[in-house]
Amino acid sequence: MSDKQPQLYPGVHAMRTPEKPAVIMAETGATLTYAALDTYANRLGRLYQWLGLKPGDHVAYCLENRLECPAVQWGAHYAGLYYTFISTRLTALEAAYIVADCEAQVLLVSAKTAPAILDAVRALPRPPQIYSLDPVPGVKLFDDALSAFDGSPIRNAVEGSEMLYSSGTTGRPKGVKPNLTGLPLGSTAVIAGLMQRGFGVNEESVYFSSSPYYHAAPMKWGQGMTILGGILVLAEKFDSENALKAIERYLVTHSQWVPTMFHRLLALPQEVRERYDLSSQKVAVHAGAPCPVPTKQAMIEWWGPILAEFYSCTESIGSTMVDSKTALARPGTVGRAILGELHIVGEDGQELPVGQDGLVYFANGPRFSYHKDPEKTAEAYNAAGWATVGDIGHVDADGFLYLTDRKNNMIISGGVNVYPQETENVLITHPKVFDVAVIGTPHRDFGEEVRAVVQLESGVEPSPTLVDELIAYCRERLSPIKCPRVIDFAESLPREPNGKLLKRLLRDEYRARLA
């Protein structure tokens with residue numbers, strides 16, 4: 001928040017509107033009021049203090065989407081701690097690696113997540129204290145520990161912060177550690193300010209999210225809603241029709257999606273789409289992965305011009321935004337910068353002119369560091385102090401950004417750079433294709449060849465004829481070098497629930513298979 005704005009956090013709203021819902025579970029209607037959220041956070045903060053944790057120390061949470069997620073987030077925040085939500089899709093060793101890397105002193109699990117990770121975490125040289133929200137044999141029950149503490153405000157509380165981990169698209173997950181401000185609780189809330197200015201969020205807003213809370217956008221937007229005094233409606237998981245039910249039931253005004261969700265919503269039968277009243281919606285934000293232009297256009301045709309695309313990253317070095325009107329007029333753009341300043345830089349380190357693809361840098365955005373990895377941190381910044389995460393794109397004459405791909409996804413075939421996202425954007429529009437990934441695989445003559453891995457729509461059978469059909473479909477729309485030479489079919493593709501495609505896993509699989 002700016003210096004002119006008051007300190008805002010759930011405790012402020014607990015005094016003003018104590019019985020107002022802060023968090024609602026979409027499927028069950030289970031509710032946490034602002035009074036209950038603030039009390040829980042204060043009790044948890046006091047527990048952490050009693051355990052000896054001080055501002056700047058670290059806790060970790062491995063939880064499915066549930067009512068307590070925002071509460072435990074705020075509990076750590078009230079205590080001035082770093083907190084990391086760990087993906088429930090990681091292997092036991094990957095989860096244990098994050099616990100060790102962030103030096104978490106406390107790990108909170110649930111009955112659903114504990115069995116998969118407990119042994120690996122307990123085997124660490126310095127295992128954390130482990131608590132569970134549900135009864136789990138051999139694990140201390142969290143409610144029992146909390147019961148000893150009251151919910152009165154923590155004195156001299158200072159701001160804590162999330163510490164997010166990248167999804168490991170190029171290796172092990174990297175922790176992104178912001179600097180703690182040491183300012184009083186509620187003094188800083190960058191995301192809440194962006195939500196206000198960019199998307200019109202206020203205390204009357206009702207925000208729906210069905211993405212895993214451990215991802216950056218759901219977690220930050222969830223916190224932003226409870227900073228601003230709105231209502232967070234959290235789904236246990238994404239389901240196309242249940243999402244429409246939630247919008248109607250809770251009069252949702254704002255929501256957040258990834259393109260794969262749009263694809264599944266559009267696949268609903270027309271009679272299901274028309275069954276629900278979606279007129280309460282004001283803004284539907286999508287982020288997390290590139291959205292094919294036809295998919296976005298189809299959603300705007302259905303929901304109206306309420307879509308807004310938000311481009312950012314775990315590192316939060318900057319962000320862009322584009323509304324529906326502009327997206328229709330400038331197909332493919334992810335918008336202009338709303339945090340930081342955009343620059344496109346070539347391989348020689350020089351800024352490129354309008355229309356030329358290069359690395360996307362942000363200047364004057366929030367600074368960050370990769371935890372325990374100064375070399376990776378240094379690689380992210382150039383001599384001017386601009387930061388990049390390896391995305392490639394260009395800007396037009398009016399400053400609108402168009403993303404081409406990630407640098408590490410680029411295929412070099414016969415000496416020509418091929419950006420697979422362009423090929424994916426074509427294939428995903430084929431009516432028989434449900435999902436697609438395009439990668440480069442070794443080729444004796446070309447170095448790499450363009451290979452598409454396709455997940456077909458339900459009821460469609462793979463065949464050599466379909467391979468020819470898909471290749472011909474690409475050749476009608478792309479230059480030959482960008483078209484796949486090989487198409488394989490898979491039952492599913494390795495995507496994070498936020499829509500991010502884990503191409504590293506596919507590349508590793510094919511390297512091993514073709515070696």
Per DSSP helix of 4 or more residues, -39500 (n - 2.57); summed, then divided by the residues of the chain. What does that give at 222 nm, rounded to the nearest 500? -9000 deg cm²/dmol
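For segment 129-220, what does the alpha-carbon gyration tensor say about shape, rounded, prolate or oblate, given a ≥ b ≥ c as the root eigenvalues, a/c under 1.5 as rounded, and a/b over b/c as prolate? Before the final figure, lay out each step's value.
On the way: a/c = 1.58, a/b = 1.22, b/c = 1.30.
Here segment 129-220 falls in the oblate category.
Ser463 to Asp239: extension gain in nm, 0.36 nm per residue of separation minus the Cα-Cα distance?
Numbers: separation 224, 0.36 × 224 = 80.64 nm, distance 2.98 nm.
Gain in length upon complete extension: 77.7 nm.
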Tell me the label-point distance for the pair Asp508, Ala490, using the 7 Å Cα-to-Cβ offset, in nm and rounded to one decimal. 1.3 nm
For the chain, the charge dipole (Cβ of Lys, Arg +1; Cβ of Asp, Glu -1; about the Cα centre) points to a positive end, and the Cα of Ala383, Thr253, Pro269 closest to that extreme belongs to Ala383
Suppose a student asked you for the relative contact order of segment 31-182, using Cα pairs under 8 Å spaced at least 6 residues apart; what percent would you report? 27 percent
Inter-site label distance for Arg273 and Ser479 at 7 Å from Cα along Cβ, in nm: 3.5 nm
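Would you kindly give the portion of the calculated P(r) for segment 188-279 that falls above 21 Å, as a percent of all Cα pairs? Let's see the in-between values first.
Values: 1317 of 4186 pairs.
Counting pairs separated by more than 21 Å, the tail of P(r) holds 31 percent.
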Please list, in chain and number order, the residues 5+ apart from Gly318 or on another chain whose amide H is under 5 Å from its amide H, with Hs placed from the backbone. Cys313
Can you tell me which lysines have their Cα less than 25 Å from the Cα of Lys140? Leave out same-chain residues fewer than eight positions away. Lys54, Lys112
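Just need the relative contact order of segment 188-322 here, percent rounded to a whole number, with Cα pairs under 8 Å and 6+ apart. Present the calculation step by step, with values, prior to reporting the outcome.
On the way: 202 pairs, mean separation 28.2, N = 135.
It rounds to 21 percent for segment 188-322.
So how do Arg46, Arg273 line up by other beta-carbon neighbours within 10 Å, fewest first?
Details: Arg46 20, Arg273 16.
If I rank by nearby Cβ atoms, fewest first, I get Arg273, Arg46.
Arrange the following residues from fewest to most other Cβ atoms within 10 Å of their Cβ: Lys112, Lys54. Spell out each step's value before the answer.
Values: Lys112 15, Lys54 10.
Sorted ascending by nearby Cβ count, the order is Lys54, Lys112.
What FRET efficiency comes out for Asn408 versus Ala384 if R0 is 30 angstrom and r is the Cβ-Cβ distance? Round to the nearest 0.05. If you can, show how the numbers build up before the last one.
Working: r = 23 Å, r/R0 = 0.76.
Working from the Cβ atoms, E equals 0.85.
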Calc'd 3J(HN,Hα), segment 432-441, phi into Karplus 6.51 cos²θ - 1.76 cosθ + 1.60 (θ = phi - 60°), Hz, glycine/Pro = x, comes to 9, 9, 8, 8, 8, 10, 10, 9, x, 10
Check which residues have an amide H placed less than 5 Å from Arg495's amide H, if you skip close sequence neighbours. Leu502
Estimated vicinal HN-Hα couplings, Hz - segment 32-38 in sequence order (Karplus 6.51, -1.76, 1.60; Gly, Pro = x): 10, 6, 5, 4, 5, 5, 5
Rounded, prolate or oblate: which fits segment 45-108, taking a ≥ b ≥ c as square roots of the Cα gyration tensor eigenvalues, rounded meaning a/c under 1.5, else prolate when a/b beats b/c? oblate
Find the all-direction average of the projected area of the Cα convex hull for the chain, expressing the result in square nanometres with one decimal place. 25.0 nm²
Note down the relative contact order for the chain as a percent, whole number, built from C-alpha pairs under 8 angstrom at least six residues apart. 10 percent
Here segment 470-485 yields Karplus 3J(HN,Hα) values (6.51, -1.76, 1.60; θ = phi - 60°; whole Hz; Gly and Pro given as x) of 5, 5, 4, 4, 5, 5, 6, 10, 9, 5, x, 5, 8, 8, x, 8
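Ranked by Cβ crowding within 10 angstrom, fewest neighbours first, how are Asp38, Asp150, Asp396, Asp134 ordered? Walk me through the numbers on the way to the answer.
Values: Asp38 26, Asp150 8, Asp396 12, Asp134 15.
Going from least to most buried by this count: Asp150, Asp396, Asp134, Asp38.
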So how far, in whole Å, is the C-alpha centre of segment 363-397 from the one of segment 73-91? 24 Å
Gyration tensor (alpha-carbon) shape descriptor, segment 1-103, a/c threshold 1.5: oblate
C-alpha long axis of helix 68-78 to longest principal axis of the chain, angle in °: 70 degrees
Round to the nearest 10 and give me the degree value, 0 to 90, for the angle of helix 503-514's Cα axis relative to the longest principal axis of the chain. 50 degrees
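Charges only on Cβ, +1 for Lys and Arg, -1 for Asp and Glu: so what's the dipole of the chain about the Cα centre, in debye to the nearest 20? It would help to have the intermediate numbers written out before the result.
Details: 48 positive and 58 negative charges, 146 e Å.
The calculated dipole for the chain is roughly 700 debye.
May I ask what percent, to the nearest 5, of DSSP beta bridges between residues of the chain are antiparallel? Intermediate values should be presented prior to the final figure.
Numbers: 46 of 82 bridges.
Given both bridge residues lie in the chain, the antiparallel proportion sits at roughly 55 percent.
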Which pairs break 27 Å Cα to Cα here: Lys237/Lys500; Lys325/Lys482; Lys296/Lys500; Lys174/Lys432; Lys174/Lys282? Lys325/Lys482; Lys174/Lys432; Lys174/Lys282
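Read-outs: derived from the displayed coordinates by stated rules, not from any lab. Because the structure is a prediction, the values reported are computed rather than measured. In this analysis, Cβ positions are derived from the backbone assuming ideal geometry, glycine residues included, and neighbour counts consider all displayed protein chains.
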